[in-house]
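The values are calculated or read from the model by the stated rules, or taken from the named source; none is laboratory data. Keep in mind that what you see is a predicted model, and the values were worked out from it rather than measured. FYI the Cβ positions are ideal-geometry reconstructions off the backbone, even for glycines, and counts take in every protein chain you see.
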Amino acid sequence: MIRPLFDEAWYLGGHPEAAKRGNDPRIHYLSDPEARYDAPHPLFDGAWYLAQHPDVEAAGTHPLLHYLERGAALGYAPHPLFDGAWYLEQHPEVEKAGVNPLVHFLREGAGLGYAPSLAFDTAWYLHSNPDVTAAGLNPLVHFVVHGVHEGRRPNPLAEAAAFETLARSGDAVRAIRLLDWRQHLLPQDGTVPYVATFRGGQLSDVFNPSEPAVGMPPGSSESLYQLVPLTDATVIGGTTSLIVSDCFIPTNMPGAGSGESAPPDYPEAWKAGEAVVVRFGRRSRTYIPQGIHLTGGDRTFADFLTSLLPRLIAVQSSELGPEIPLLVSASVGERERAALRLLSRSERTLIPLTDGVAYHTDLLHYPVRRDREVRDRRSDAAPHPSDEVAALRQVREQVQSAVTGTAPTRRRRLYVRPTAPLQRSLDDQAFFGALVDRDFEIVDIGDLSFEIQVRLLAACSIVIVHAGDDFTNTIWCRPGTHILVIESVEGEDWHNTPVGRVVADLATIRTIPSMFSRLSDEAGPRQAVRLDALTPILDGMIAALGLPPARVDDQNRNRLS
């Protein structure tokens, strides 16, 4: 009965002990309870078949017998690259004749150019591999046994693009059929896309939020966040998305074809009805027994400050042992890693997670805002600004305490050169001259280590900085500092951000607008400020602090610069 799908040479190659016994290998295969998980034929994978059909596993039925007696007629797939239902759908005459689709493919279908699944194009494979044609080999058997390991392609499609088109169109079934075979046949090296389906969910589905700990000050990191233990959880590197058991939990994911414009936390996930289709990379070594989730929410330094560092303070205040590592994005820069090491007192190992790669954990400690359940159910709800400001103050205090200790004597005057290329064009000789005459240092702060950045800004009495990400650095200034913010032409609203509110409480802030202007012999416009507007502000700051005035008269500098 099993002869059509029992390749004796193939089976004995994987079971030399059966050959030594001299018995009929079919008897060994059918009688040994563990052998039912084996592959009696290159195109029948017993373990995969049972995993796809747990009812067969639960009944204790032998997978090959079930497939031959019932499964084939039901369209069950015997192998990741042989889609029985699709084969019968494409070739109704096979179904009408009551022929087992895999047996038909092995005996006739391959010779007729029939494709066994959407992912494998028989005719194209034979055309592209004339050696297979010349040898008279079954193309799919050749691909499974040899071709996939030799880097031969199963079809002419640009699979990643085709998958995205199918998934975004809502055709999740076809999308899965296109890529699902990879996670079963290819090494998990992170270089090829893998795909899986899950049910959609929210964090509130997998944990019970608790009340803030007694005695915690309102707005502190410890009262804002709780550490939720999640078992059997998978992290997708570079995101806040999680897979817990069979549930995919995104931060934000638009429905397929809904036209929603909000970018998802993980753009390789699509909703398809009640299911979620996820494409990600996998590697052979992505198992982490325990970890603390600190990845995602770090696209800019301001995001990093307001998102990750408050969570880290909550972690440090918990009872979690220092042996549990921090899981961070591999894209996090050295400045950010230095801050993490500083606040964790170098007690915890940092494990960088490659973006888009799935990492499985037995136990994941996930910092969750205590108001998350409310925000999950109310899409219009948002964190209370005062809570984030209070937590950010706590971050600032701990960083400064670790780096500077006692307050230094503030006497330095600093201009932080901008990192944005358009803003950096402001660096004109006349502008620099006015700063040098007033004892300002001109610093590329990005070239300094994190600790030196903090110490330098804490030692300044006056700081000139550009709006945007560069303004974030002023959070390390001491109370009483005077800060001049050069507004960008785009007009970023730094005033109402958590960083802006913290800085406004400790410093005197003045602003000056910028504009586009044609300077010197430049061919194009550059961003600039008027020196005749800038210098009175600087002189006023210097006078207010009782510092020595400018060394020269600026009458000759009052021009566009």
Can you pull out the residues in region 432-458 that are in a loop (DSSP other than H, G, I, E, B) and either over 37 Å from the mean Cα position of the chain (by Cα) or crowded, with 20+ Cβ neighbours inside 10 Å (or both)? Arg438, Asp439
Looking at region 238-292, which of its residues are aliphatic (A, V, I, L, M), over 21 Å from Leu178 (Cβ atoms) and at pLDDT 70 or above? Leu242, Val244, Ile249, Ile288, Ile292
Scan region 459-470 residue by residue and report those that are buried (at least 21 other Cβ atoms within 10 Å of the Cβ) and under 20 Å from Arg337 (Cα atoms). Asp470
Take the conditions at pLDDT below 90 and not assigned by TED's automatic domain parsing to the domain that holds Thr239 and apply them to Ser331. Does it pass? no
For the condition under 16 Å from Pro78 (Cα atoms) and either assigned by TED's automatic domain parsing to the domain that holds Tyr194 or more than 40 Å from the chain's Cα centre (by Cα) (or both), what is the one hit in Val141, Val145, Val103, Val132? Val103
Residues within region 157-179 that are in a helix (DSSP H, G or I), closer than 13 Å to Thr197 by Cα, charged (D, E, K, R) and touching a strand residue (DSSP E or B) at 6+ places or on another chain (Cβ under 9 Å), tallied: 1
How many of the residues in region 123-134 are touching a Gly at 6+ places or on another chain (Cβ under 9 Å) and more than 12 Å from Pro156 (Cβ to Cβ)? 3
Sole exception among (1) modelled with pLDDT under 80; (2) farther than 22 Å from Gly333 by Cβ; (3) surrounded by 20 or more Cβ atoms within 10 Å (Cβ to Cβ) for Gly296, by number: (2)
Go through region 35-64 and give me each residue that's among the polar types (S, T, N, Q) and either free of Cβ contacts under 8 Å to residues at least 12 places away in the same chain or surrounded by 19 or more Cβ atoms within 10 Å (Cβ to Cβ) (or both). Thr61
Residues satisfying the stated conditions in region 127-156, i.e. surrounded by fewer than 16 Cβ atoms within 10 Å (Cβ to Cβ), within 23 Å of Pro193 (Cβ to Cβ) and free of Cβ contacts under 8 Å to residues at least 24 places away in the same chain: His146, His149, Glu150, Gly151
On the basis of being surrounded by fewer than 18 Cβ atoms within 10 Å (Cβ to Cβ), touching a residue at least 24 places away in the same chain (Cβ under 8 Å) and farther than 29 Å from Ala275 by Cα, does Arg168 make the cut? no
Across region 317-334, the tally of residues that are buried (at least 17 other Cβ atoms within 10 Å of the Cβ) and outside any loop (DSSP other than H, G, I, E, B) stands at 4
